[in-house]
Amino acid sequence: MAFNSSSVTMTEVVLSLRKLNVFYGSSLAVRDVNIDIPPNQVVAFIGPSGCGKSTVLRCLNRMNDLIPSARVEGQIFYHGKDIYDKVVDPVDLRRRIGMVFQKPNPFPKSIYDNIAFGARINGYKGDMDELVETSLRKAALWDEVKDQLKKSGLALSGGQQQRLCIARAIALQPDVILMDEPCSALDPISTLKVEDLIHELEAQYTIVIVTHNMQQASRVSDYTAFFNAEPTEKGGKVGYLVEYDKTDKIFNSPQEQATQEYVSGRFG
Amino acid sequence: MTLPSQAFQDDSLDFKELKFFPDLPKRYKIDSVFKFASWAAVVIALSVLSILLIEVAIDGLSMINWQFLTSYPSRKPADAGILSPIVGTIWVMVLVALFSFPIGVGAGIFLEEFIADSFLENVIEVNIANLAAVPSIIYGLLGLQVFVRWLFPLTQGRTIISGALTLTLLVLPIIIIATREALRAVPGSMRQAGFALGATRWQVVRDIVFPQALPGILTGTILALSRGIGETAPLITIGALTYVAFLPPLSLEGLHSTFSVLPIQIFNWVSRPQQEFHLLAAGAIIVLMVLLLAMNGIAIYLRNRFQITR
Ligand SMILES: Nc1ncnc2c1ncn2[C@@H]1O[C@H](COP(=O)(O)OP(=O)(O)OP(=O)(O)O)[C@@H](O)[C@H]1O
Ligand SMILES: [Mg+2]
């Protein structure tokens, strides 16, 4: 286990993963993940395809509950409270830990309603127009859509749709935002817009982002977790955390050879 | 044959081993055989249908006039009309729609959104598929026993409500299956987006999945109802009448009225020897078809109306 708790010293943690094992059915998909995520930082998950980045990410807001075969062992502490404890309500948790998906998935509703939806179902009592405007502004989309809030969210371009999804997540005033390859369906310009956005959001939110793009990881993140997968005796593959550290250490002086090879593109 | 051998030289695959026999003429011949076969199938299907329609139209169109639509059935063909069967059909179908839509859609939502992939769901799924295939006369026998006899205190026997409940049983499996298909067509990413925003399962269903599935659900329901509208056997079994010379009162009392419906009237008329009654039957068939087409028209209208604009 290359997680070196002395190399990352944190006084305060938002999320802390302890000995996390995730199973799909009877097969172990990811084993023994230990990560501490500090507040108001961007943490990037990188690693080859199938090593379990999305799986771990989905554990953080219990979206894995929706996959019947998925099962979690170990603990995830959110502000010191185990989110897999019986007393924690996943519905409440997901309002605090928002998620943005790989493929933009706005609802087939108006831009306004896309954002108002989450607020309404969570019993928001404030000024809805104001909330919609603030969220769109924070997601750097307001100027592009302010005259067409009645338009369907699906009528936007892919990059705009993704920013709408980010705005939708922000509207709930979450604490943490999880992003699973948010730019993989976007062109370079939209990607840069989303990255700028992440930089701005960092002041208020804690962000965990999965990415396959090394430059992106090094541009946007403060900490990086490198995952890898190794074959099991049963012929399957199991993912594990190779190394977790400050991003510049992972990219410039990693402790593990595999990390070095992966970040420099000489992996495999 | 020349292969770009140089390009492949380093490859471990030996491309000289691969041999293709395109034989395009033969493949095109098979194409045209199938094209002809499917064209012939269309012609046969359409011509049988149009012969049927033309024959009915020749016999029946001249029968349709105001007197035919507003008179009660009669022993004298010249006086006979289809007022009470039309009204009976409308009564029954409205009731069937009121009963079957909420129950069918509710059951579909429960199976697809709340207990999907569970053992219980698999058991119910198989049973519903079987129910959809049960011959309609069996539903008639069931209705006779349950609604006409056991529930006599509620239904008063061979009444509109018994008929409507029997047809409800008949169309329910179709509505449930159509609802589930429509729900299944809503992408999983929509549900995930809802859950990730802190929605409960019911909120996801009500606000996101159901609105998107509604056009499909409505279409499926109306197509199921138009199957119900043409059913004769189950209603004969529960004892709908063929001569009804009054209209049910437009109140709860009406539910306990005896009734007739168009298919039963048609069945009765065509089984008589006199030619005049056959013409009356043809007229009634045209009216029934107009009703059917109107329902399908409504289905198309509703689908377009609720279709979420992209
Ligand atoms: N719903 C599921 N059911 C069963 N197995 C799954 C499911 N989702 C993921 N897996 C398995 O878990 C492992 C990790 O998958 P995961 O999607 O987390 O990888 P990833 O690191 O996100 O890959 P990528 O970079 O390609 O997105 C894979 O072996 C995959 O087959
Ligand atoms: Mg993934």
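The values are calculated or read from the model by the stated rules, or taken from the named source; none is laboratory data. Quick caveat, the model's predicted, so the values are computed rather than measured. All Cβ positions, even for glycine, are placed from backbone atoms using ideal geometry, and neighbour counts span all protein chains on display. Heads up: the accessible areas ignore ligands, DNA and RNA and are worked out on the full protein's heavy atoms, side chains in. Shrake-Rupley method; radii C 1.70, N 1.55, O 1.52, S 1.80 Å.
Give me the percent of DSSP beta bridges within chain A that run antiparallel, rounded to the nearest 5. Before the final figure, lay out the partial values.
On the way: 27 of 46 bridges.
In chain A, DSSP labels about 60 percent of beta bridges as antiparallel.
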Isotropic mean projected area of the C-alpha convex hull, region A:1-131 (nm²): 10.4
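Can you tell me the FRET efficiency between A:Lys234 and A:Ser69 if r is taken as the Cβ-Cβ distance and R0 is 22 Å, rounded to the nearest 0.05? Write out the running numbers ahead of the final one.
Working: r = 16 Å, r/R0 = 0.74.
Efficiency, from the Cβ-Cβ distance: 0.85.
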Average other protein chain Cβ within 10 Å of Cβ, residues B:197-208: 6
DSSP-loop trypsin sites (Lys or Arg not before Pro) across region A:56-93, with at most 12 other Cβ within 10 angstrom: A:Lys86
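Per residue and in Å³, how big is the convex hull formed by the alpha-carbon atoms of region B:65-159? List each step's numbers first, then the result.
Details: hull volume 15.4 nm³, N = 95.
Output value, Cα hull per residue: 162 Å³.
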Distance histogram for region A:186-263 (every C-alpha pair counted, 5 angstrom bins, percent rounded to whole numbers): 3, 13, 22, 20, 16, 14, 8, 3, 2, 0
DSSP-defined antiparallel bridges as percent of all bridges, region A:175-268, nearest 5: 65
Evaluated at q = 0.09, 0.12, 0.13 Å⁻¹: base-10 log I(q)/I(0), Debye formula over Cα of chain B: -0.64, -0.94, -1.04
Of A:Phe226, A:Ser110, A:Leu141, farthest towards positive along the dipole that unit charges on Lys, Arg, Asp, Glu beta carbons give chain A: A:Ser110
Heavy-atom accessible surface of region A:1-121: percent carbon and sulfur, 1.4 Å: 47
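Once the Cα gyration tensor of region A:36-93 is diagonalised, what are the square roots of 5 times its eigenvalues, in whole Å and ordered largest first, as equivalent ellipsoid semi-axes?
Details: eigenvalues 76, 59, 17 Å².
Taking √(5λ) for each eigenvalue gives 20, 17, 9 Å, largest first.
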P(r) histogram, all alpha-carbon pairs of chain A included - 5 Å bins from 0, percent: 1, 6, 13, 17, 19, 16, 13, 8, 5, 2, 0, 0
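Please report, in debye to the nearest 20, how large the charge dipole of the protein assembly as shown is about its Cα centre when each Lys and Arg carries +1 at its beta carbon and each Asp and Glu carries -1 there.
Details: 50 positive and 52 negative charges, 302 e Å.
Once rounded to the nearest 20, the dipole reads 1440 debye.
Which value, in square angstrom to the nearest 100, describes the accessible area buried between chains B and A on both sides, using a 1.4 angstrom probe?
Values: alone 18310 and 12370 Å², together 28940 Å².
So the buried area, both faces added, is about 1700 Å².
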Volume in Å³ per residue [convex hull over Cα atoms, computed for region B:124-243]: 126
FRET E, pair B:Leu69, B:Tyr301, Förster distance 25 Å, beta-carbon r, rounded to 0.05: 0.55
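Chymotrypsin sites (Phe, Trp or Tyr not before Pro), restricted to region B:213-288: which are DSSP loop and have at most 15 other Cβ atoms within 10 Å? Could you put the intermediate results ahead of the total?
Values: sites: B:Tyr243, B:Phe246, B:Phe259, B:Phe267, B:Trp269, B:Phe277; in loops: B:Tyr243, B:Phe246, B:Phe259.
Answer in residue order: B:Tyr243, B:Phe246.
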Radius 11 Å from Cβ of A:Asn40, net charge of other residues (Lys, Arg +1; Asp, Glu -1): -4
Unit Cα scatterers, Debye sum, region A:143-237: log10 I(q)/I(0) for q = 0.11, 0.14, 0.25 Å⁻¹: -0.41, -0.61, -1.41
Hydrodynamic radius (Kirkwood) for region B:42-97, which is based on Cα pairs only, to one decimal in Å: 13.4
Listed residues A:Ser16, A:Ser253, A:Ser190, most fluctuating in chain A (Gaussian network, C-alpha, under 10 Å): A:Ser253
Accessible-area order (highest first, 1.4 angstrom probe) of the listed residues B:Tyr72, A:Tyr112: B:Tyr72, A:Tyr112
Largest to smallest principal axis extent of the C-alpha atoms in region B:175-310, angstrom: 69, 32, 24
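For region B:266-310, what does the equivalent ellipsoid look like in terms of its semi-axes, each the square root of 5 times an eigenvalue of the Cα gyration tensor, given largest first in whole Å? Walk me through the intermediate numbers first.
Working: eigenvalues 285, 9, 3 Å².
Calculated on Cα positions only, the semi-axes equal 38, 7, 4 Å.
Give the value in nm², to one decimal: projected area of the alpha carbon convex hull of region A:80-125, averaged over all directions.
That works out to 4.8 nm².
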Residue mean of other protein chain beta carbons inside 10 Å, A:164-170: 1
Intensity falloff of region B:212-277 expressed as log10 I(q)/I(0), Debye formula with alpha-carbon point scatterers, at q = 0.16, 0.18 Å⁻¹: -0.73, -0.83
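Nearest 5 percent is fine: what portion of the DSSP beta bridges confined to the protein assembly as shown is antiparallel?
Values: 27 of 46 bridges.
Percentage antiparallel, nearest 5: 60.
In deg cm²/dmol and to the nearest 500, what is the mean residue ellipticity at 222 nm of chain A if only DSSP H runs of at least 4 residues count, each as -39500 (n - 2.57), divided by the residue total?
Only helices count here, giving -9000 deg cm²/dmol.
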With Cα atoms, 0 to 90° folded angle of helix A:128-138 axis to chain A main axis: 50
Spacing of the two label points (7 Å from each Cα toward its C-beta) at B:Leu53 and A:Ser27, in nm: 5.4
Folded to 0 to 90 degrees: helix A:188-201 orientation relative to chain A principal axis, Cα: 90
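Run the accessible area of region B:169-295 with a 1.4 Å probe and give the carbon-and-sulfur part as a rounded percent.
Details: 3370 of 4830 Å².
Accessible surface attributable to carbon and sulfur in region B:169-295 totals 70 percent.
Need one number: convex hull volume per residue for the protein assembly as shown, Cα atoms only, in Å³.
On the way: hull volume 148.6 nm³, N = 578.
Enclosed volume per residue, from the Cα hull, is 257 Å³.
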Shielding score for A:86-97, defined as the mean number of other chain Cβ atoms within 10 Å: 2
For B:Ser257, residues with placed amide H under 5 Å, excluding near neighbours: B:Ile160, B:Ile161
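Output the DSSP H helices from chain B with an along-axis C-alpha extent of no less than 30 Å and a mean Kyte-Doolittle hydropathy no less than -0.5.
On the way: long enough: B:24-60 (53 Å, 1.16); B:83-109 (38 Å, 1.98); B:160-184 (35 Å, 1.68); B:275-306 (47 Å, 1.35).
Flagged H segments are B:24-60, B:83-109, B:160-184, B:275-306.
Less than 15 Å Cβ to Cβ from B:Arg184, Lys/Arg counted +1 and Asp/Glu -1: what total charge do the surrounding residues give?
Numbers: positive: B:Arg180, B:Arg191; negative: B:Glu112, B:Glu113, B:Asp117, B:Glu121, B:Glu125, B:Glu181.
Result for the neighbourhood of B:Arg184: -4.
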